[in-house]
Amino acid sequence: MSKQVIGTSRAPAAIGPYSQAVRVEEWVFVSGQIPMHPGTGEVVVGGIEEQTRQTLENLKRVLQAGGASLRDVVKTTVYLIDLADFASVNQIYGSYFENDPPARATVQVAALPKGVLVEVDAIAHLG
């Protein structure tokens, strides 16, 4: 088994002792991405729609750094502060995963890092 740590400046740096992603053979495991701007490290301004778009853009960029794309994603988990935002998040999420979307779990949580409204992690398979 060869483990490769993935990192890119095109997505926010990890804010703790973890990697943006890890690639093991043909699998890419992406840590939870939140709506931080990669250049400033600040949470994007706006509500759930803006935060969801930035989160998914960050996810896409980390996947690319690992040699994967959104098409390779087989599983995601979406973490929301408020499930009342589900419909808005779902519409934006669907625009990123239009064809053959991955398996997904969506859960409401008590809090997320930096007070954000949404976080998404992913597993991708290259093959």
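Here, each number is a calculation from the coordinates, and none is a lab measurement. Bear in mind the structure is a predicted one, so any value in this text is a computation, not a measurement. Using ideal geometry, Cβ is built from the backbone for each residue, glycine included, and neighbour counts are taken over all protein chains shown.
How about the stretch 1-61: which chymotrypsin sites (Phe, Trp or Tyr not before Pro) there are in a DSSP loop, with at most 16 other Cβ atoms within 10 Å of their Cβ? It would help to have the intermediate numbers written out before the result.
Numbers: sites: 18, 27, 29; in loops: 18.
Listed in order of number, the matching sites are 18.
Would you work out which of 35, 106, 117 lies farthest towards the positive end of the dipole of the chain? Charges go on Cβ: Lys and Arg +1, Asp and Glu -1.
35
So how far apart, in nm, are the two label points at residue 95 and residue 126 if each is 7 Å from Cα heading toward Cβ?
So the label points at residue 95 and residue 126 sit 2.9 nm apart.
Dipole of the stretch 1-85 (Lys/Arg Cβ +1, Asp/Glu Cβ -1, origin at the Cα centre): which of 18, 68, 55 lies farthest to the positive side?
So the residue we want is 68.
In sequence order, what are the phi-derived ³J(HN,Hα) couplings for the stretch 38-46 according to the Karplus relation 6.51 cos²θ - 1.76 cosθ + 1.60 with θ = phi - 60°, rounded to whole Hz, with x for glycine and proline?
Per-residue couplings from phi come out as x, x, 9, x, 9, 5, 5, 7, x Hz.
For residue 1 and residue 50, FRET efficiency with R0 = 35 Å and r from the beta-carbon atoms, rounded to 0.05?
Between residue 50 and residue 1 the formula returns 0.35.
To check you understand DSSP bridge types, tell me what percent of the beta bridges within the chain (both residues inside) are antiparallel, rounded to 5.
Details: 21 of 27 bridges.
So the antiparallel bridges amount to about 80 percent of the total.
Give me the one-decimal nm value for the distance between modelled label points at residue 114 and residue 86, 7 Å along each residue's Cα-to-Cβ direction.
Each label point is offset 7 Å from its Cα along the Cβ direction, giving 2.7 nm.
Under 16 Å from the 7 Å Cα→Cβ point of residue 103, by amide nitrogen: which residues of the stretch 59-74?
Counting only backbone N, you get 72-74.
Do the sum for the chain: with -39,500 (n - 2.57) for every DSSP H run of n ≥ 4, divided by all residues, what is the mean residue ellipticity at 222 nm, to the nearest 500 deg cm²/dmol? Mind showing how you got there, number by number?
Working: 2 runs with 29 residues, N = 127.
Computed ellipticity for the chain at 222 nm equals -7500 deg cm²/dmol.
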